[in-house]
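Chemist: Take a look at the following structure, please.
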Amino acid sequence: MDYQLLIGWLLDKCWGDPSWLPHPVVYFGKAIACGERRLNHGAHRRMKGGMLAVALILLTFFLTAFIIGDVGLLGSWMPSDHPVVTISRYILSCILVFFCLAGTTLIKEVRMVFEALDRSSEEGRRQVARIVGRDTSQLNAQEIRQAALETLAENLSDGVVAPLFWFLLLGVPGMMTYKMINTLDSMIGYRTERYRLFGTVAARIDDVANYLPARLTALLMILVAGRPRLITFVGRYGKRHASPNSGYPESALAGILDCQFGGTHTYFGEVIEKPFIGNHPRTLDSRDMQRACAINSRTEFVMVMVVFAIINLL
């Protein structure tokens, strides 16, 4: 049996994303930022942004496939079936799976937001700013909790279910490529004046890559919560979100918690109106956070077990 998925997942459960360990997404971000600075000006911004996105996506897939396949320079002077190459390939695969999963860090960050908010609103704003793209400087306590829980639901798809979905389809190269796609969207996929043209292609690619994983995430959430009847609720509210995908896990969590998400947010100085998800605008508290984190953990466990079983049965 192939245990690289379980090993990578257990490493994430034990370590999360330690700050001392260089993370591939950091280098993805640097490459994107460099390309954006050089290309996001003048004419043909949509084309230039699209070329940057496609180039980085293809580079990530083929570079990862090369590293996993040949283990870099080792493959040039050792047979591919040499024990050193085989073991190195396996270890690298486990490490890359670990890098691609963000479930542990996500739950930790959301808990830290609620703990910081218990101390002061200012601490809560600073803490939630670590995990959301919106302007947090004017958020009140309810908006801080709402932002954290929306991010928890959305990133259960982006940080856990979607990477596992693409691992199932395309292995470690697919998983790493998805992380590049998601990083591109998180950096240049906004509908603001600066990124509206340049990030169009990156945003559309991300929409396609997340289409099935987002809906699968919502389905798994309501199943592990024992609330299958919420599928109608998710179908009604999920499609109201400005994003074709984010609304589905967010609506699943809103239904499970019987609360309301959405509203007015500010991104890079521009006000964005997001439709409301749910119809019960009640006050959120730490019990909601604990319940939401439990749903995330159970959904992650089920997805890992399903993918592991499918890979080893095929």
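Chemist: Which pairs in the list LYS48/LYS179; LYS13/LYS48; LYS108/LYS179; LYS108/LYS274; LYS179/LYS274; LYS13/LYS179 are over 28 Å apart, alpha-carbon to alpha-carbon?
Modeler: Correct reply: LYS13/LYS48.
Chemist: Rounded to the nearest 0.05, what FRET efficiency do ARG191 and ARG37 have when you use their Cβ-Cβ distance and R0 = 25 Å?
Modeler: That pair, ARG191 with ARG37, gives E of 0.80.
Chemist: For the chain, take the longest principal axis of its alpha carbons; what is the angle in degrees between that and the long axis of helix 141-156, to the nearest 10 within 0 to 90?
Modeler: On a 0 to 90 degree scale, this one is about 30.
Chemist: Plugging the Kirkwood radius over Cα pairs into Stokes-Einstein for region 184-314, at a temperature of 37 °C and a viscosity of 0.692 mPa s, what D comes out in µm²/s?
Modeler: Working: Rh = 16.1 Å.
D = 204 µm²/s.
Chemist: Rounded to the nearest angstrom and ordered from largest down, what semi-axes does the equivalent ellipsoid of region 94-142 get from its C-alpha gyration tensor (root of 5λ)?
Modeler: Gyration-tensor ellipsoid for region 94-142: 26, 12, 6 Å.
Chemist: Protein chains only, probe 1.4 Å: how do VAL307, VAL132, VAL208 rank by accessible area, largest first? Could you put the intermediate results ahead of the total?
Modeler: On the way: VAL307 0, VAL132 25, VAL208 110 Å².
Heavy-atom accessible area, descending, gives VAL208, VAL132, VAL307.
Chemist: Binned at 10 Å from 0, what are the whole-percent values of the Cα-Cα distance distribution for region 79-232, short to long?
Modeler: The distribution over region 79-232 is 10, 29, 33, 20, 6, 2, 0, given as percents.
Chemist: Applying 1/(1 + (r/R0)^6) with R0 = 22 Å to the Cβ-Cβ distance of ILE91 and VAL208, what FRET efficiency is obtained, to the nearest 0.05?
Modeler: Plugging the Cβ-Cβ distance into 1/(1 + (r/R0)^6) gives 0.10.
Chemist: Could you work out the relative contact order of the chain, using alpha carbon pairs under 8 angstrom and six or more residues apart, expressed as a whole percent?
Modeler: 21 percent
Chemist: For region 110-192, what is the convex hull (Cα atoms) projected area averaged across all directions, in square nanometres? Please report the intermediate quantities before stating the final value.
Modeler: On the way: hull surface 23.7 nm².
Projected over every direction and averaged, the Cα hull of region 110-192 covers 5.9 nm².
Chemist: Evaluate the distance, in nm, between pseudo-label points positioned 7 Å from the Cα of LYS108 and of ALA141 along their respective Cα→Cβ axes.
Modeler: 2.7 nm
Chemist: Continuing with the same structure: Work out how much length VAL26 to THR232 would gain on full extension: take 0.36 nm times their residue separation and subtract the Cα-Cα distance, in nm to one decimal.
Modeler: 70.3 nm
Chemist: Tell me the per residue accessible area of the chain using a 1.4 Å probe; a whole number in Å² is fine.
Modeler: Ligands and nucleic acids excluded, the figure is 48 Å² per residue.
The values are calculated or read from the model by the stated rules, or taken from the named source; none is laboratory data. Model, not experiment: these values are computed from the prediction. No Cβ is skipped: glycine too gets one built from the backbone with ideal geometry, and neighbour counts run over all protein chains shown. Please note that ligands, DNA and RNA were not included when accessible areas were found on the heavy atoms of the full protein model with its side chains. Shrake-Rupley method; radii C 1.70, N 1.55, O 1.52, S 1.80 Å.
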